[in-house]
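Please treat every number below as a calculation from the coordinates, not as lab data. None of the values given here were measured: they were computed from a predicted structure. Cβ: placed from backbone, ideal geometry, glycine included. Neighbour counts: every protein chain shown.
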Amino acid sequence: MSEPSTPAPSSGALVLFSGGQDSTVCLALALSRFERVETIGFDYGQRHAVELTQRSRIRAGLSDLFPEWRARLGEDHSLAIPTLNEISDTALTRDAEIVFSADGLPNTFVPGRNILFLTFAAALGYRRHIGTLVGGMCETDYSGYPDCREATIKATEQALSLGLDRPMEILTPLMHIDKAATWRLAEELGGEALVALVVEESHSCYLGDRSRRFDWGYGCGECPACTLRAAGWERYRAGR
């Protein structure tokens, strides 16, 4: 086999960083394990676009709170994908009531979103010589999205590695843990300081509501993302 025309991937990681709870914990985990960590976010016309604003605040908070991570935190990348909004008709991309279908899947599901995000991230990683992607996908405590399942991620990983003719690893450290365990992981990684940062600055609410403050953070308190986050927080606090 011929040698690749560009340098092999380094000991770095590219984190799919939305500004939500899960991706914030994944970013902290990556910073604890990799020498160089870059982040990528996507603006696809999401209803909760406030999450994009929170991304820079979380990155700044991590740098301020954890000097050892500051040197590892590299460049941030942001990509606009308006086409995803144009071809989607969901409560996450439209001003529509959040409802559940007969099979239990909420209409916040944006078909192909994670597959598309991973494809763009892999293309960027290829150019940046990064062979590891880190995402907060989870099939334990989640809304039932099929592109969050491990089988989907593994198939995408294989397709990207074949298509790029280079190994492209996708790490999903939250895949098999619930939201309570995600809160505990934040505490294990960065103590109360990291938990407080996740509470105050990360955003999960699908409605983009940051006018209401709960023990677990800001949100409407009623959408699927808020209920999952709140229930996980309660189990986490009860287990301490």
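Working only within region 190-204, note down all residues that are surrounded by 18 or more Cβ atoms within 10 Å (Cβ to Cβ) and over 14 Å from S23 (Cα atoms). Of everything in region 190-204, just one residue is surrounded by 18 or more Cβ atoms within 10 Å (Cβ to Cβ) and over 14 Å from S23 (Cα atoms), namely G190.
Residue count for region 162-177 satisfying the condition of being in contact (Cβ under 8 Å) with a residue 60 or more places away in the chain and in a strand (DSSP E or B): 1.
Collect the residues in region 16-35 that are among the aliphatic types (A, V, I, L, M) and either assigned to a strand (DSSP E or B) or within 8 Å of the chain's Cα centre (by Cα) (or both), keeping them in residue-number order. The one that is among the aliphatic types (A, V, I, L, M) and either assigned to a strand (DSSP E or B) or within 8 Å of the chain's Cα centre (by Cα) (or both): L16. If I ask for residues that are surrounded by fewer than 18 Cβ atoms within 10 Å (Cβ to Cβ) and of a type outside the set (K, R), which ones from region 209-239 would you list? Passing the criteria: D209, S211, F214, D215, G221, E222, T227, A231, E234, A238, G239. From the list A196, A122, A159, A180, the lone residue that is part of a helix (DSSP H, G or I), free of Cβ contacts under 8 Å to residues at least 60 places away in the same chain and in contact with a Lys or Arg (Cβ under 7 Å, 6 or more places away or on another chain) is A180. Give me the pairs, please: first residue somewhere in region 69-81 and on the phi < 0 side of the Ramachandran plot, second residue anywhere and part of a loop (DSSP other than H, G, I, E, B) and of a type in the set (D, E, K, R), beta-carbon distance under 9 Å, and either six or more positions apart or on two chains. Within 9 Å, the pairs are R72/E35.
Could you tell me whether any residue of region 205-214 is assigned to a strand (DSSP E or B), over 16 Å from the mean Cα position of the chain (by Cα) and free of Cβ contacts under 8 Å to residues at least 60 places away in the same chain? Yes, there is a match, as at least one residue in region 205-214 is assigned to a strand (DSSP E or B), over 16 Å from the mean Cα position of the chain (by Cα) and free of Cβ contacts under 8 Å to residues at least 60 places away in the same chain.
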